[in-house]
Structure formats: C-alpha cells, structure tokens
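Engineer: What follows is a single structure, and I will ask about it in a moment.
Each value in this text was obtained by applying a stated rule to the coordinates, not by laboratory testing. As the structure is a computational prediction, the values presented were derived from the model and not from experiment. Note that we place each Cβ from the backbone using ideal geometry, even for glycine, and neighbour counts take in every protein chain shown.
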Amino acid sequence: MKITVINGTEKHGVTYRLKEIFLERFRDDADITEYYLPKDCPGFCSGCTNCFRNSQDLCKDAEYVRKIERSLLEADLLVFTSPAYVYHATGAMKAMLDHFGYRWMPHRPAKEMFGKRAVIITQCLGGGGKSTAKDIKDSLSWWGISCIRIVSFRLMSEIDWNKIGDKRKEEFKKKLNSVAEKISAVDFAKPAHTGIVVKAKFYAVRMLQKQLGKQDPEYTDFKYWNANGWLGRVRPWKEN
Ligand SMILES: Cc1cc2nc3c(=O)[nH]c(=O)nc-3n(C[C@H](O)[C@H](O)[C@H](O)COP(=O)(O)O)c2cc1C
C-alpha cells in the first residue's frame, strides 16, 4: 500500500505529532512518501494560466508540481495536514493547491483520482480547524475524490506539544488510532465508491465541455475530455 502525505507546515509541532500518531498504524506495511510545504513546492502560482490554456508542463514550478502529482496519482491513500492559520489552511498548502487548479473538474481531472481515499488532519487553538479542512477538501472533491475523512482537533489551551497534558494527548491518540484502524481495514484493491456530489460535478462539466467544444474544437480542456471518452460513454470511475 502506498501513502502520500502533504504536510502543510515544515514545523515539527502539534500538526506533525498528530500526523505521526496517525501514520503509526501503517509504518510497518505501507510505502510512505512525505512532502513538506513550502520546501517541496516553494513557488506561488503567478497566474500565467499556461496550465489551463496550454499545458501544465509550461508552469515555472512544473518540476515541483510534477513530482508531487506523480506521488499523489500513485498513492492508495492521500493524507493532508494543516494547522489553522487565521481560520484557513496554511499559505504554503494553499500555494500548493493553486498549482493543481488545472486538475479541477472544469479543466483536466486525473481519472486516477476518482477511486482514491483521503484523510485530512487539521488542528487549531480554538477555532478554524473545520474551515481549514474545508479549504483542502474543496480541492480534493473537485479533483474527483469522494472518500474524504476529516479529523480535526481543538487544542483549547496550549499550542506547544510539550506542554499539552497527557490526558489530552490520549484523546488525540484515541481518535487518530480509531480512524487509522478503520482505514487499514479497507480493501485498497477496490477503488472507493464515487459519490453523488462528485458525479454531479462531472455531469455538469460534461455538458459545459460539449458546448465549449462546439465553439472551439481546439480548446485544451475539451480535447482532453474528448480524448478520455468522457463526452461519450466512458466514465472516470468504476461502478462497484
Ligand atoms: C499565523 C498563525 C495563525 C493562526 N491562526 C489560528 C486561528 O485562526 N485559529 C486558531 O484556533 N488557532 C490559530 N493558530 C494556532 C494554530 O492553528 C496551531 O494550533 C498552532 O500553530 C500549533 O500548531 P503547530 O505546532 O503544528 O504549528 C494560528 C497560528 C499561527 C502561527
């Protein structure tokens, strides 16, 4: 089993410890690849729109994006982590997700994403953990992933891991171990079910692509949808 982890911070703080607890269950059997942001994707999207209009290979940050994308596509389980920074995912996480705008459903989603499973781990001091998870979930859902689990914590009094009490740490462990246990029981040979929300997005965009193709048969996204057979009978998910 392959796991790809995208860490929204390089700091070995609370977010890091929570992710480590979650991964404990998988350490012996899984092949785990981790990325730390911003180190592993340091550039901001400059808004050149080359990825949308022409090719993702023309992005100034293509070297970083390509590497992360290959890991995401190869993995059975995707793990994203972020502390809440002013109620949202870290700027580093947002900057990385911006580079995958071209993989959103209205553009060129990767068919490999449709059967994947993902876990989002967030934490905050008092508020914003849920909206932080939503920032990440929005992208994953628009990439075509239906099976997304969110594990979010509120620290409440202390943000320094060494000062957080043992009782509180036990609560974190219990919750993370329970999610890890459920995920490890999944049969990863079978793709995750594609739900109604993702299918609705797909069919709405399918209509749009048909119209766009009539206006301009050379339109990059239309050609991609057409080449995949999605404007005909082919679907990016497997019925199970
Ligand atoms: C710039 C910044 C903004 C933050 N914004 C929030 C916030 O909006 N809500 C909140 O509850 N905690 C906030 N925090 C606390 C973090 O969510 C987190 O609990 C803390 O940074 C410890 O996590 P870490 O050790 O993984 O960095 C913020 C921290 C930083 C550094």
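Engineer: Sort region 77-184 into rounded, prolate or oblate with this rule: let a ≥ b ≥ c be the square roots of the eigenvalues of the Cα gyration tensor; rounded if a/c is under 1.5, and if a/c is not under 1.5, prolate when a/b is larger than b/c, oblate otherwise. Please report the intermediate quantities before stating the final value.
Structural biologist: Details: a/c = 3.24, a/b = 1.62, b/c = 2.00.
Oblate, since a/c reaches 1.5 and b/c is not below a/b.
Engineer: Give me, ordered by chain and number, the residues 5 or more places off Y85 or on other chains with an amide H under 5 Å from its own placed amide H.
Structural biologist: Counting only residues 5 or more places away or on other chains, the set is T90.
Engineer: Arranged by the count of other C-beta atoms within 10 angstrom, fewest first, what order do T4, T220, T49 take?
Structural biologist: Going from sparsest to densest Cβ surroundings: T49, T220, T4.
Engineer: When only Cα pairs under 8 Å and 6 or more residues apart are kept, what is the percent relative contact order across the chain?
Structural biologist: It rounds to 22 percent for the chain.
Engineer: Now a separate question. Between I196 and I159, what is 0.36 nm times their sequence separation minus the Cα-Cα distance? Round to one decimal in nm.
Structural biologist: On the way: separation 37, 0.36 × 37 = 13.32 nm, distance 3.82 nm.
Answer, rounded to one decimal: 9.5 nm.
Engineer: Give me the distance between the Cα centres of region 78-119 and region 45-69, rounded to whole Å.
Structural biologist: Computed from Cα coordinates, the inter-centre distance equals 15 Å.
Engineer: Let me ask another. In which sequence would F172, F52, F100 go, from the one with the fewest C-beta neighbours within 10 Å to the one with the most?
Structural biologist: F52, F172, F100
Engineer: Please work out the Cα convex hull volume for the chain and give it in Å³ per residue.
Structural biologist: 124
Engineer: Around I21, with a cut-off of 14 angstrom between Cβ atoms, what is the net charge of the other residues, counting Lys and Arg +1 and Asp and Glu -1?
Structural biologist: Summing Lys/Arg as +1 and Asp/Glu as -1 gives +3.
Engineer: When we measure straight from the Cα of K111, which aspartates and glutamates land under 16 angstrom away, once same-chain ones fewer than 8 places off are left out?
Structural biologist: Candidates past the 8-residue exclusion: E69, E74, D76, D221, E239.
Engineer: Same structure, new question: In the Gaussian network model of the chain, springs joining C-alpha atoms below 10 Å, which of E69, E112, E170 carries the largest mean-square fluctuation?
Structural biologist: Taking springs between Cα atoms under 10 Å, the residue moving most is E170.
Engineer: May I pose another question? Take the Cα gyration tensor of region 109-240, multiply each eigenvalue by 5, square-root it, and list the three semi-axes largest first, rounded to whole angstrom.
Structural biologist: 39, 18, 9
Engineer: Shifting gears a bit: Exceeding 32 Å between C-alpha atoms, which entries from my cross-link table qualify? They are K130/K210; K67/K182; K19/K199; K182/K210; K2/K210.
Structural biologist: Over 32 Å Cα-Cα: K130/K210; K182/K210; K2/K210.
Engineer: What is the distance, in nm, between label points placed 7 Å from the Cα along the Cα-to-Cβ direction at H88 and at L231?
Structural biologist: About 3.5 nm separates the two model spin labels.
Engineer: Going by a ≥ b ≥ c, the root eigenvalues of the Cα gyration tensor, does region 17-88 fall in the rounded group (a/c under 1.5), the prolate group (a/b larger than b/c) or the oblate group?
Structural biologist: Taking the square roots of the gyration eigenvalues as a ≥ b ≥ c, region 17-88 is oblate.
Engineer: Sticking with this structure for a sec: How far apart, in nm, are the 7 Å Cα→Cβ label points at R25 and L58?
Structural biologist: Going from the R25 label point to the L58 one covers 4.4 nm.
Engineer: Moving on to the next point. Report the residue, chosen from M105, M96, M156, that carries the largest GNM mean-square fluctuation when the chain is represented by alpha-carbon nodes joined by springs under 10 Å.
Structural biologist: Comparing M105, M96, M156 in the GNM, the peak value goes to M156.
Engineer: Could you give me the radius of gyration and the Dmax of region 152-201, taking only the C-alpha atoms into account and expressing both in angstrom?
Structural biologist: Every Cα atom of region 152-201 included, Rg and Dmax give 16.9, 46 Å.
Engineer: With springs only between Cα atoms under 10 Å apart, run a GNM on the chain and tell me which of K167, K39, K67 wobbles the most.
Structural biologist: Among K167, K39, K67, the largest mean-square fluctuation in the Gaussian network model of the chain belongs to K167.
Engineer: Another question about this same structure. Which ordering of H12, H88, H99 is given by a fewest-first count of other beta-carbon atoms within 10 Å?
Structural biologist: Ascending Cβ contact count within 10 Å gives the list H12, H88, H99.
Engineer: Also, I was wondering about something else. Run the numbers for M207 and E171: contour at 0.36 nm per residue of separation, minus the present Cα-Cα distance, in nm.
Structural biologist: Here the answer is 8.3 nm.
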